[in-house]
Every structure is written in structure tokens, then in C-alpha cells.
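Structure, as C-alpha cells:
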Amino acid sequence: MKKLAAAYAQNVYRARFTDSPWFEPMIATLYATPMCNLSCSYCDDFGAHRNAGFRGQELETERMKKIVDLLAEVADVLYITGGEPTLRSDLAEVLQHARDRGIFYIAMNTNGLLLRDRTEVIDLLDNLVISLDMLDGERYDPILGSTPGTTAELLEIVRWAAAEQSKRKFTLTLNCVVMPGQVEEARRVRDFSWEIGAQFSCQPQSINRTAAPELAHDPIFHKLVDEIIEGKRAGKPVSGSLPFLRRTRELVPYSCTPTAAPHVDWRGRLAYPCRELPNHIWVDLLEAGSYAAALREAERRWGAPPSNCSQCGERCYVELSTLVRHPTELAKEAYGYLRQMAKVRLPVWGQPQ
């Protein structure tokens, strides 16, 4: 937690008192694998139908551990994603290595379908994030590109995971991608999340790396976000700061701090300035030898990161950028974040004890 606190303090200072586009890493994202067991219709990057093109690209275990070493030198919060990370057979070994190297908080995003067979992975997590966009299997199974009954299986696994939180000491978050014309489905996922004792998180569907513009003018979507904000203020388990939620509602511009959220892929390559820019480059982190050296090489090839980009709506960029540039908002969020990072079940404000 020391690295996170120090990076945040430095970033707030730079954002407030300098024009520097450089920010210290606060959360490192690691793509454990590009392989996936679904073929979601809205996913631009991965899917089972693309697996053949990715075969043989993953770093083997020891080289992936070295990537973790380099990230642990500059950050102590790690976000694992994919593809579907639970398809990586050595994932628990890599996560244990991260713990041994001082990573104090690990979150993982997953489609959830393999979780019951990977409980050793769950035991190393602080935050388990399961993607769930709908409850209606007749509509959701085709979106997942899966066989009939997949949604029903997933909901059973989600209920199981929710019941495991206290015993295994992690927080469950259901992350819902809100699609145009499907806002009511997101509302049902929210209600389901709260019913089973999980956090609810949502973000607009990304189309060509930007938030779906139809949602910005959709009063039904605005009402949903207003309800989520009201629920958060009342003590409901909502993942996401109020500034992030307000920005989600209006899809207004923000000033990104991309180097505060470095993304490294399954080949050990750092995306620069960020993964969402269409003209981003990749820098081999192992070849560079350190995160700082990789940034120097990236600047030499691409230039300094942009200082006023707001192209994407990805939470990893929007949330950090907002909290860095509006530090008073972090104070309002701090208790909720500390509840998760402490790995204990502290009381939630506004809920009966």
C-alpha cells in the first residue's frame, strides 16, 4: 500500500502544480492470457474464435514471474485480466509470486465459468470481478457466443462465489457492460448483485474504443446511473467513485493520466501511452529491464503521453484520472476502498449492523 499512497501523492501534486503528462503507476494491469472460452459479440480483442491466432504467444511461467517482479518494483496493486485468465494453468503460481514480491492487493476479471475448478486462484484474490451483463439466458447466451444454458450455469457460479466471500476473504463484484437498448437488463443485474451481497459495477459498452454515444442521450440510461448513485450514497455496495459514475452518466470529457495505469500483455509488452489509443506502441518490458527504462524507450519512439486525452471510457483510466485531478473526492471514497484493501468485512455505511 506504500507504493500506492506515494504514487497518489506525487500524482496529485503533478496534476495540481505542474503541466507534466507523466504520472506514477498506481494500478498495474496484466493480461494473463489472450485465450478465451467464450466469443462475446461486443469484444473487440479476444474470443474463442480468435484463439488459434494467439497460440504459443503466452510467456512461460518464469518469464511471467519476471514481469511481475518488474511491475512490483513500481506498484503494489495488480489487476489480472485476459482473455479469460483462469485458462492459464499456472495462474495461482504467478499470483502467489506476486504476493511474495509485495503486491498487497490483487483483483481479477473473469467470465466466471471455470471458478469452481480454480479455487486456489480465488484464495489469492482480494477482489473477484465477474462479468455479467444480463440475467436472461435466451438473450445473453447468443451474446456470449455460447451454448444454451451457459447463463444459467454462470448465475449458479455467481451465487456460489457470493456465498464464499466471507470464508475466503474476498469481495465479489459483478461488472455489467451497459449496451444501448439493454438498460433494463443492467438494472436487473444491479438488483441481483445487491440481493446476493455483491458489489455492482457498470460501464457503457465500448464501440471502437469509445463509449457508445447512444447512451449519452438516453434518459433511461441516465435514470439507471442516477439510481446507482443514490444507492451508493445510501450505503449499497457499488464499485466506482461518484465522479466516475457522474462521468459515466454524461460521458463528458476528462483529462487522462495514462501512465498511472500501465497495461502489460501476455507477451510481456507495455502498451504506450495506453492500450486504447489506436496508434499505441508496444515496448518489451523484459528487454527494457525495468518499467522506467521501458518508458524511456517508449518516449523515444512515440513521444510524451498526451495530456488532455479523453477518448475512451474505460474505468481503469477514467477512475484514476478523475481521482488524481479531484483529490477531495478520494477522501469521500477512502473508507470503501480501505474496506476492500483490508480484506475484512467492515460495516457498510448506511446498512444495519
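The values are calculated or read from the model by the stated rules, or taken from the named source; none is laboratory data. Here the structure is a predicted model, which is why all the values come from computation and not from measurement. A quick note on method: Cβ atoms are made from the backbone with ideal geometry, for glycine too, and the neighbour counts reach across all protein chains shown. Quick note on the areas: whole protein, heavy atoms, side chains included, nothing else; ligands and nucleic acids left out. Shrake-Rupley method; radii C 1.70, N 1.55, O 1.52, S 1.80 Å.
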* Structure fact -> Surpassing 25 Å at the alpha-carbon level, of the pairs Lys3/Lys65; Lys66/Lys167; Lys3/Lys66; Lys167/Lys236; Lys167/Lys223, are Lys66/Lys167; Lys167/Lys223
* Global size of segment 85-181 as Cα Rg and Dmax, reported in angstrom -> 14.3, 45
* Report, as a whole number in µm² per second, the diffusion coefficient that Stokes-Einstein gives for segment 9-58 at 20 °C and 1.002 mPa s using the Kirkwood radius over alpha carbon pairs. => 152 µm²/s
* Asked: Heavy-atom accessible area per residue, segment 256-298, 1.4 Å probe: how many Å²?
  -> 32 Å²
* Per the 1.4 Å probe, what fraction of the accessible area of the chain, in percent, lies on carbon and sulfur atoms? -> 52 percent
* Asked: Once the piece of chain linking Arg159 and Asn308 is laid out straight, how much longer is it, given 0.36 nm per residue of separation minus the C-alpha distance between them?
  -> 49.5 nm
* Asked: Taking amide H positions as placed 1.01 Å from N in the peptide plane, with prolines and chain starts having none, which residues 5 or more places from Ala211, or on another chain, fall under 5 Å of its amide H?
  -> Gly313
* Cα gyration tensor shape of segment 133-256, rounded if a/c is under 1.5, else prolate or oblate by comparing a/b with b/c -> oblate
* Asked: According to the square roots a ≥ b ≥ c of the eigenvalues of the Cα gyration tensor, what is the shape class of segment 7-105, taking rounded for a/c under 1.5, prolate for a/b larger than b/c otherwise, and oblate for the remainder?
  -> oblate
* To do: Take every DSSP beta bridge with both residues inside the chain and express the antiparallel ones as a percent of the total, to the nearest 5.
  => 20 percent
* To do: Could you do me a favour and compute the accessible area per residue for segment 1-91, 1.4 Å probe, result in Å²?
  => 45 Å²
* Structure fact -> In segment 116-234 the DSSP beta bridges are antiparallel at a rate, in percent to nearest 5, of 15 percent
* Asked: Counting Lys +1, Arg +1, Asp -1, Glu -1, what net charge surrounds Gly149 among other residues with beta carbon under 12 Å of its beta carbon?
  -> -4
* Debye intensity ratio I(q)/I(0), log10, the chain, q values 0.08, 0.09, 0.12, 0.16 Å⁻¹ (C-alpha model) -> -0.36, -0.46, -0.88, -1.78
* Shape category assigned to segment 87-132 from the gyration tensor of Cα positions, a/c cut at 1.5 -> oblate
* **Mean separation of Cα contacts under 8 Å (6+ apart) over length of segment 1-70, as relative contact order %** => 21 percent
* Structure fact -> Summed over the other residues with a beta carbon less than 15 angstrom from that of Thr119, with K and R at +1 and D and E at -1, the charge totals 0
